[in-house]
Protein chains: 2
Amino acid sequence: MTFQEKLDRIVKKNSSLVCVGLDSNVEKIPGKNSQFLFNKSIIEATNDLVCSYKLNTAFYESIGYDGIKFLKMTCDYLRTKYPEIPIIIDAKRGDVGSTNQGYVQFVFTYLGSDAVTVNPYLGEEAIRPFLKEKDKGIIILCRTSNKGAGEFQDLKVGKTPIYKIVAENVSRKWNKNKNCLLVIGATYHDELKEVRKIVGSDMTFLVPGIGAQGGDLRATLKAGLNKKGSGLIINSSRGIIFAQNPRNEAEKLREQINRFRISK
Amino acid sequence: MTFQEKLDRIVKKNSSLVCVGLDSNVEKIPGKNSQFLFNKSIIEATNDLVCSYKLNTAFYESIGYDGIKFLKMTCDYLRTKYPEIPIIIDAKRGDVGSTNQGYVQFVFTYLGSDAVTVNPYLGEEAIRPFLKEKDKGIIILCRTSNKGAGEFQDLKVGKTPIYKIVAENVSRKWNKNKNCLLVIGATYHDELKEVRKIVGSDMTFLVPGIGAQGGDLRATLKAGLNKKGSGLIINSSRGIIFAQNPRNEAEKLREQINRFRISK
């Protein structure tokens, strides 16, 4: 089963485009829980409300090999208990060709995840070890959610900004195995709309930036939903996992999204 | 002491611009040695011939938790036994602002390294948690050594290719703490020359691509050495660590470089 097929099934089953980002910063985890126990509690509270979980490696690497252990334990737990829910490793990796094989082994063989985020700066030729993984989702940074994203991403080649060239190249050249997705921040819904025009209806976008980063949900959905009312993975991390009641926040976000999907 | 000061001292002490890349691919390590024991044997054979060691995280992450342990053990060993030799973590990381703090903790607090490679695609605003580390070397990808590097790096904004804009921005805006370096592949010595013109004599370049990747050493030195006959960290990985006699290969590379430095 491909990543997209797995995603489509859970989107339908859970009626959800919500991805919960397990950005389990050790300085913010309440009590004396490990990152794994904290993640487990979030997963138990939200697994029927999500279309995926996203784990950002920075929060686990920060404490070294214990963090890598907790990252793996979380992936193992998800694969065993909720095998129908895709796991996204937000690693933003990218090295020269053969070196990437190490990252491929880390995210897909060792962690057993379903998708990974990668950085496009080195070009398709470098990223091939990822792209060859037909059944995995390869999620390429296109327009990132941060304030200063435009420093290079908005530079224009002729009349076309770099982020659009990334979208074009991924859509036309990188996506031979139909396993490419793009990252586009909710903080940039105009750019999201432009990219949807470029890549068409079939490609799914991973959209961070809702919640703590201030992205506009309604504008994001309007700009990015495809004809089937899907094609987006809407990530929320801090806004859900560190809330008083994570389940309530996940449910609220799911409902806000679904209300818009139906009205459309 | 800053990274540059530490580097200058060891360059002088060991008369060397050679960086040995500990790309300790578990599939290529001879015998039954762990990555740590393999690294230790390379370090023991070469420590008086180098200006730094570079550890690429991909080769350690590939085996998960154990690899991170061996990566840390190698850094601990170097810091204890050869504290004068800078450790470069080739991680090519880059995420949105605060998330990078996790990577900063990983490479500088946990591993105790002296420098890290980062990807510029998200812009300076995102990379600030790295740039704030005044005494560390922040090595930004400019022109990577891979064949397909030009897909985005050669795109022209007006008349200026992106890799030059990265060099300009780093030199003029990112380098407030004088802790920035650039990565430029030895496979692109013309580009190296152009970047040296842009950033001037003071900035050091980390240059991979000599050896297995086919970069031309003479042309690289001619294009990149600064007025003092330094300003380059010439990395060789596979060509040294998997050679019959790593010490001989490191020594040969050091001599080839020094012959050129003196003649210049």
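Looking only at B:ALA186, B:ALA167, B:ALA149, which one moves most when chain B is put into a Gaussian network model with springs between Cα atoms under 10 Å?
Ranking B:ALA186, B:ALA167, B:ALA149 by mean-square fluctuation puts B:ALA149 first.
Summarise the partner chain shielding of B:67-80 as one whole number: the mean count of Cβ atoms from other chains within 10 Å of each residue's Cβ. All intermediate terms of the calculation are to be shown ahead of the outcome.
Values: counts 6, 9, 4, 1, 2, 2, 0, 0, 0, 0, 0, 0, 0, 0.
Counting other chains' Cβ atoms within 10 Å and averaging over B:67-80 gives 2.
Work out the mean other chain Cβ neighbour count within 10 Å for the residues of A:53-59 and drop it here as an integer.
Shielding by partners across A:53-59 averages 4.
At 222 nm, what helix-only mean residue ellipticity would the protein assembly as shown give, in deg cm²/dmol to the nearest 500, using -39500 (n - 2.57) for each DSSP H run of four or more? Don't skip to the answer; put the middle values down first.
Numbers: 24 runs with 222 residues, N = 528.
Computed mean residue ellipticity for the protein assembly as shown: -12000 deg cm²/dmol.
Note down the magnitude of the dipole of region A:189-253 about its Cα centre, charges +1 on Lys and Arg C-beta and -1 on Asp and Glu C-beta and zero elsewhere, to the nearest 20 debye. Numbers along the way, then the final one.
Numbers: 10 positive and 7 negative charges, 40 e Å.
Computed about the Cα centre, the dipole is about 200 debye.
Place a +1 charge on the Cβ of each Lys and Arg in the protein assembly as shown and a -1 charge on the Cβ of each Asp and Glu, then give the dipole magnitude about the Cα centre in debye, rounded to the nearest 20. Can you show the working numbers first?
On the way: 82 positive and 56 negative charges, 173 e Å.
About 840 debye.
Work through the residues other than B:SER201 whose Cβ is under 9 Å from its Cβ and net out their charges, Lys, Arg +1 and Asp, Glu -1.
Residues close to B:SER201 contribute a combined charge of +2.
Would you mind giving the average projected area, over all directions, of the Cα convex hull of region A:1-115 in nm² with one decimal? Can you show the working numbers first?
Values: hull surface 29.4 nm².
Directional mean of the projected Cα hull area for region A:1-115 stands at 7.4 nm².
Where the centre of each part is set by its Cα atoms, how far does region B:84-155 sit from region B:1-27, in angstrom?
Value for the Cα centre distance between the two parts: 17 Å.
I need the trypsin sites (Lys or Arg not before Pro) found in region A:127-158, filtered to DSSP loop residues with at most 12 other beta carbons within 10 Å of theirs. The partial results should precede the final answer.
Working: sites: A:LYS132, A:LYS134, A:LYS136, A:ARG143, A:LYS147, A:LYS156; in loops: A:LYS132, A:LYS134, A:LYS136.
Loop-located and lightly packed - A:LYS134.
Please express the shape of the protein assembly as shown as an equivalent ellipsoid: the semi-axes are the square roots of 5 times the eigenvalues of the C-alpha gyration tensor, given largest first in whole angstrom. Write down the numbers at each step before the final one.
Numbers: eigenvalues 312, 131, 75 Å².
Working from the Cα gyration tensor, I get semi-axes of 40, 26, 19 Å.
Got the relative contact order for chain B handy, in percent, Cα pairs under 8 Å and 6 or more residues apart?
Numbers: 480 pairs, mean separation 53.5, N = 264.
About 20 percent, as a whole number.
What nm value, rounded to one decimal, do you get for the distance between B:LYS132 and B:MET1 when each label is placed 7 Å out toward the C-beta?
A separation of 2.6 nm, rounded to one decimal place.
What is the antiparallel percent of DSSP beta bridges lying wholly in chain B, to the nearest 5?
Values: 2 of 30 bridges.
The answer is about 5 percent antiparallel.
Enumerate by residue number the trypsin sites (Lys or Arg not before Pro) in region B:159-189 meeting two conditions: DSSP loop (anything except H, G, I, E, B), and at most 12 other Cβ atoms within 10 Å of the site's Cβ.
Working: sites: B:LYS159, B:LYS164, B:ARG172, B:LYS173, B:LYS176, B:LYS178; in loops: B:LYS159, B:LYS176, B:LYS178.
The qualifying sites are B:LYS159, B:LYS176, B:LYS178.
Determine which aspartates and glutamates satisfy two conditions relative to B:LYS193: a Cα distance under 16 Å, and not lying fewer than 8 residues away in the same chain.
In chain and number order, the partners are B:ASP154, B:GLU168, B:ASP202, B:ASP216.
Given a 10 angstrom Cα cut-off, can you work out which residue in A:GLY67, A:GLY158, A:GLY215 is the most mobile in a GNM of chain A?
With Cα springs under 10 Å in chain A, the top fluctuation among A:GLY67, A:GLY158, A:GLY215 is at A:GLY158.
If you take the beta carbon distance between A:ARG247 and A:ALA212 as r and set R0 to 22 Å, what does 1/(1 + (r/R0)^6) give as a FRET efficiency, to the nearest 0.05? Numbers along the way, then the final one.
Values: r = 18 Å, r/R0 = 0.83.
That gives a FRET efficiency of 0.75.
Tell me which of A:LEU221, A:ILE87, A:ILE43 sits at the most positive position along the dipole axis of region A:3-263, charges placed on C-beta atoms (Lys, Arg +1; Asp, Glu -1).
A:LEU221
Please check chain A for the longest run free of GluC sites (Glu not before Pro) that are loop-located per DSSP (anything but H, G, I, E, B) and have at most 14 other Cβ atoms within 10 Å.
Numbers: sites that count: A:GLU27, A:GLU84.
By the stated rule (loop sites, at most 14 other Cβ atoms within 10 Å), A:85-264.
Evaluate peptide B:97-107: per residue, the Cβ atoms of other protein chains within 10 Å of its Cβ; return the mean as an integer. Intermediate values should be presented prior to the final figure.
Values: counts 5, 7, 12, 2, 5, 12, 6, 2, 8, 9, 2.
Other-chain Cβ atoms within 10 Å of each residue's Cβ, averaged: 6.
How large is the dipole of region B:124-191 about the Cα centre if only Lys and Arg carry +1 and Asp and Glu carry -1, each at its Cβ, rounded to the nearest 20 debye?
On the way: 13 positive and 9 negative charges, 57 e Å.
Roughly 280 debye for region B:124-191.
Tally Lys and Arg at +1 and Asp and Glu at -1 over the other residues with C-beta under 11 Å from the C-beta of A:TYR110: what net charge comes out? Numbers along the way, then the final one.
Working: positive: A:LYS72; negative: A:ASP76, B:GLU61, B:ASP66.
Result for the local shell: -2.
Tell me, what does the Kirkwood hydrodynamic radius of chain A come to in angstroms if you use every pair of distinct C-alpha atoms?
Working: mean 1/r = 0.0545 Å⁻¹.
About 18.4 Å for chain A.
Which net charge results when you count Lys and Arg as +1 and Asp and Glu as -1 among the other residues whose beta-carbon is under 12 Å from that of B:SER62?
Numbers: positive: A:ARG93, B:LYS28; negative: A:ASP95, B:ASP23, B:GLU27, B:GLU61, B:ASP66.
Net charge around B:SER62: -3.
Taken together, the values in this text are just the output of simple stated rules run on the coordinates, not laboratory data. Since the structure is predicted, the reported quantities are computational estimates derived from the model, not experimental observations. As a convention, Cβ positions derive from the backbone with ideal geometry for all residues, glycine included, and neighbour counts pool all protein chains shown.
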